[in-house]
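Just below is one structure, and these are the notes that go with it.
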Amino acid sequence: MTKDEGRPDWNDRALGGRVRVALWLYEMVGEGKRFRKQAMREAIPGVEQVDRRMRDLRSAGWVIRTYRDMASLSPDELFLETIGAHVWEPGKRSTGLRTVSGKLRREVMDRDHHRCVRCGISSGEEYPDEPGSRARLTLGHINAHAYGSGATPENLVTECSRCNETAKQFTPVQFTADHVRDQMRELSKREKTSLLSWMALDQRPMSKAERVWAYYRQLPGSARDELHTELARMLGSERED
């Protein structure tokens, strides 16, 4: 135990991997600082899937950004934006560990057409206001996970990582009504009419093409390349007909 705060030592191999990673991040990195995956792996050797143990901290309120979220990060860099639950403390070690099965994840994302229900972005698409930063989809709880809500389709929605963190008040990206109003005034009358209908529904309906696009974005690169070629061939055949 450390003498100052009574925290366990992250070098203690008797601790679980997630706890050791959390302690190392807390003591050796600190909130608002960058670190490298390799440094973490070297500091905590012998822990199976140490990267996954780090990702498991996100469900406990830890916000750890990757180069997919922040264009300024290199592929091997991470940014510890927010330190969440102190999972090394008694009574907190299982915080956020309730899991969502792969079947349930697919069910919820299929229902939401693989698109963030809050901002409408699909996986891998670039945020219009953050060039270079691309969306990653995750599942969010309608009623906060921290307060004991269940992992059921009724309580889960598809969100991009940015909207998911905005809901937790962790992300610094915020918009004001004035900013949105200025953007709204620049729209054409047709665009304003569409926007008004979305506001009335509190959602943006997807066209058939947009739905296919959302599913297409979930495929690996080789499959996307194959479908890209096939669609071009389809259009060529249709023009000939």
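The values are calculated or read from the model by the stated rules, or taken from the named source; none is laboratory data. Every value quoted in this text rests on a predicted model; they were computed, and no experiment measured them. Please note: Cβ atoms are built from the backbone with ideal geometry, for glycine as well, and neighbour counts cover all protein chains shown. The area values use the complete protein model at the heavy-atom level, side chains included, leaving out ligands, DNA and RNA. Shrake-Rupley method; radii C 1.70, N 1.55, O 1.52, S 1.80 Å.
Inter-label distance, Asp129 to Ser72: 1.7 nm, where each label sits 7 Å from its Cα along the C-beta direction. Distance between the modelled labels on Leu227 and Ala209, one decimal in nanometres: 1.5 nm (7 Å Cα→Cβ projection). Extension gain for the segment Arg181 to Glu42, taken as residue separation times 0.36 nm less the Cα-Cα distance, is 45.1 nm to one decimal. For Arg118, nonlocal amide neighbours, meaning residues 5 or more places apart or on other chains whose placed amide H falls under 5 Å from its own, are Cys160. Per-residue Karplus couplings for region 24-41, computed as 6.51 cos²θ - 1.76 cosθ + 1.60 with θ equal to phi - 60°, are listed in order as 5, 4, 5, 8, 9, 10, x, 5, x, 10, 8, 8, 10, 4, 4, 5, 5, 5 Hz, Gly and Pro entered as x.
Among the lysines of the chain, pairs that are 8 or more positions apart or on different chains and have alpha carbons within less than 22 Å of each other number 4. Solvent-accessible surface (1.4 Å probe) assigned to Lys192 amounts to roughly 90 Å². Our Cα-only numbers for the chain put the radius of gyration and Dmax at 21.4, 80 Å. Which residue, His228, His114, His141, has the most motion in a Gaussian network model of the chain that connects Cα atoms within less than 10 Å? Most flexible of the set in this elastic network: His228. The C-alpha radius of gyration of region 29-93, expressed as a fraction of 2.2 N^0.38 Å, stands at 1.12. For the peptides 120-127, 7-14, residues were scored by their other Cβ atoms within 10 Å and the scores averaged per peptide; the highest-first order is 120-127, 7-14.
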